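Peer 1: Okay, here's the structure, questions in a sec.
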Protein chains: 2
Amino acid sequence: MTADARYEHMAMIMKAMAHPTRLFILDKLNEKEHCVCELQEMIGADMSTVSKHLSVLKNAGIIDNRKQNNMVFYSLLCPCVLDFYQCIVKIK
Amino acid sequence: MTADARYEHMAMIMKAMAHPTRLFILDKLNEKEHCVCELQEMIGADMSTVSKHLSVLKNAGIIDNRKQNNMVFYSLLCPCVLDFYQCIVKIK
DNA sequence: ACAGTAATTGGCTATTTTGCCAAATAGCCA
DNA sequence: TGGCTATTTGGCAAAATAGCCAATTACTGT
């Protein structure tokens with residue numbers, strides 16, 4: 001993997017996280033898995049909007065999902081992404 | 001600071017980092033400070049483009065600068081932002 | 001099969017981001 | 001002052017992103 005490709009890959013993952021709603025979602029999934037409707041309730045946006053946020057995180061490889069009955073539960077694959085929070089609070 | 005404001009703030013900082021060129025810049029500044037012209041040489045883009053990338057990082061509070069003669073040297077304020085790299089390489 | 005709930009997808013518009021060029025600013029040296 | 005280099009800023013067009021609505025898919029229970 002070239003250096004360029006590595007920066008592209010990292011940027012893709014960071015871009016996936018770089019949204020207030022998606023950071024909120026990651027925080028919630030760090031506690032336990034949630035279905036889309038639970039997250040929608042907490043966020044208050046349209047369900048399609050929440051679903052699209054989730055697919056951004058899934059495409060980046062940060063979260064995964066499983067189907068149960070007619071619901072889809074999402075879970076956090078890499079809890080380490082949240083370690084970043086400690087660094088960020090030190091900024092400014 | 002409300003939870004919403006915290007997510008906004010974190011997203012702003014992550015968005016500032018979420019670009020291949022800006023991640024490259026942070027990597028270089030982690031070794032030592034650099035002037036804009038040195039970074040431009042390494043990156044190969046227009047100097048105005050590099051300057052704008054730098055101002056995005058500066059506005060986010062991640063880097064700082066100092067003037068020396070007619071050059072501007074940039075330096076990394078929060079090396080901890082690079083700790084994130086170790087987490088990202090584990091993804092996918 | 002039918003109705004109901006959960007989720008995703010397509011389409012659309014508004015907003016933001018990106019990166020170039022050109023112009024403006026600032027500091028150096030002769 | 002004038003010319004040179006380094007940097008920033010404004011403006012613009014292309015591309016990406018966000019979030020809503022409507023339509024579709026999928027699974028449940030009757």
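The values are calculated or read from the model by the stated rules, or taken from the named source; none is laboratory data. These figures come from a predicted structure and were not determined experimentally. A quick note on method: Cβ atoms are made from the backbone with ideal geometry, for glycine too, and the neighbour counts reach across all protein chains shown. Note: areas computed on protein heavy atoms with side chains; ligands, DNA, RNA excluded. Shrake-Rupley method; radii C 1.70, N 1.55, O 1.52, S 1.80 Å.
Peer 1: Return the only residue of A:10, A:71 being over 21 Å from residue B:14 (Cα atoms) and in contact with a helix residue (DSSP H, G or I) (Cβ under 9 Å, 6 or more places away or on another chain).
Peer 2: After ruling out the rest, the residue left standing is A:71.
Peer 1: Moving on. Can you say whether residue A:69 is exposed (fewer than 15 other Cβ atoms within 10 Å of the Cβ) and touching a residue at least 40 places away in the same chain (Cβ under 8 Å), as far as the supplied structure shows?
Peer 2: Judged against the criteria, residue A:69 is not a match.
Peer 1: List every residue pair whose Cβ atoms sit under 9 Å apart, with the two residues 6 or more apart in sequence or on different chains, where the first one lies in segment A:15-33 and is touching a residue at least 60 places away in the same chain (Cβ under 8 Å) and farther than 11 Å from residue A:54 by Cβ and the second, anywhere, is of a type in the set (A, V, I, L, M) and not in a helix (DSSP H, G or I).
Peer 2: A:17/A:60; A:17/A:62; A:17/B:18
Peer 1: Select from segment B:68-92 the residues that are more than 8 Å from DNA strand D (Cβ to nearest atom), more than 9 Å from every other protein chain (Cβ to nearest Cβ) and over 18 Å from residue B:16 (Cα atoms) and list them in ascending order.
Peer 2: The answer is B:68, and nothing else.
Peer 1: Looking at segment B:38-47, can you tell me whether even one residue there is at positive phi, under 13 Å from the mean Cα position of the chain (by Cα) and of a type outside the set (Phe, Trp, Tyr)?
Peer 2: For segment B:38-47, residues at positive phi, under 13 Å from the mean Cα position of the chain (by Cα) and of a type outside the set (Phe, Trp, Tyr): absent.
Peer 1: Within segment B:35-57, which residues are touching a helix residue (DSSP H, G or I) at 6+ places or on another chain (Cβ under 9 Å), open to solvent by 50 Å² or more (accessible area, probe 1.4 Å) and not small (Gly, Ala, Ser)?
Peer 2: B:37, B:38, B:40, B:42, B:46, B:47, B:49, B:56
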